[in-house]
């Protein structure tokens, strides 16, 4: 995971920070600049979490797919419909990366890889811990406040939280139930974007 705060310190002709030995301008300069522009456009906490979570997934997927726990879990998850790319299923990917460990006595996959650098380090470490501490649950929409967000009831943990996310308020209505994860980043709850509706306005999907 590159860090734009570090990247901007490099001159075009300096060796690239990735260790390839190439000049920065011939290697990661263009992608770093594009990433910096994308980061500057993140307006909400939900967008911020989605962006950095995507980067984390990309960084750990190759190793995660080989972990014994992930291979075993995929057999149980997909049953008679095995897949060659189980991590392409969003909810299974969350389970694999946030609930399972690289080795039997090792850290969770989400916490095991990719050391962030620069000004982002503390925030990203906190995000990884938040993801690793989350759980898959049935989440009921209790209240919708248009333009502001939704109040959700995590049925597994039996807790209610208001998620300040105007975009989410446009997608969910009271009495609907989703399968997904509520993540606490500090004292702010975020519903991860890979949720799936299982009840539409009180009716089973």
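The values are calculated or read from the model by the stated rules, or taken from the named source; none is laboratory data. Worth saying up front: this structure is predicted, and the values here are computed from it rather than measured. Quick reminder, even Gly has a Cβ in these numbers, built from the backbone with ideal geometry, and neighbours come from all protein chains shown.
Identify all residues within segment 90-125 that are at pLDDT 80 or above, over 19 Å from residue 193 (Cα atoms) and either crowded, with 19+ Cβ neighbours inside 10 Å or in contact with a strand residue (DSSP E or B) (Cβ under 8 Å, 6 or more places away or on another chain) (or both); write none if there are none.
Residues satisfying the conditions are 100, 101, 108, 109.
Looking for something farther than 26 Å from residue 125 by Cα and at pLDDT 85 or above - is there at least one such residue anywhere in segment 44-67?
To start, the set of residues in segment 44-67 that are farther than 26 Å from residue 125 by Cα comprises none.
No, that holds for no residue.
State all residues of segment 12-24 that are at pLDDT below 85 and over 22 Å from residue 125 (Cα atoms); if no residue qualifies, say none. Don't jump to the end; show me each part of the working.
First pass over segment 12-24, keeping only residues at pLDDT below 85: 17-19.
Hit for segment 12-24 is 19, nothing else.
What are the residue pairs meeting all of these: first residue in segment 8-24, first residue assigned by TED's automatic domain parsing to the domain that holds residue 120, second residue assigned to a helix (DSSP H, G or I), Cβ atoms under 7 Å, and 6 or more apart or on different chains?
none
Scan the strands (runs of 3 or more DSSP E) fully inside segment 147-201 and keep the ones with 1 or more residues being out of contact with any strand residue (DSSP E or B) (no Cβ under 7 Å at 6 or more places or on another chain). Let's see the steps before the verdict.
Values: elements: 149-154, 159-163, 177-180, 182-185, 188-191, 196-200.
Passing ranges, in order: 159-163, 182-185, 188-191, 196-200.
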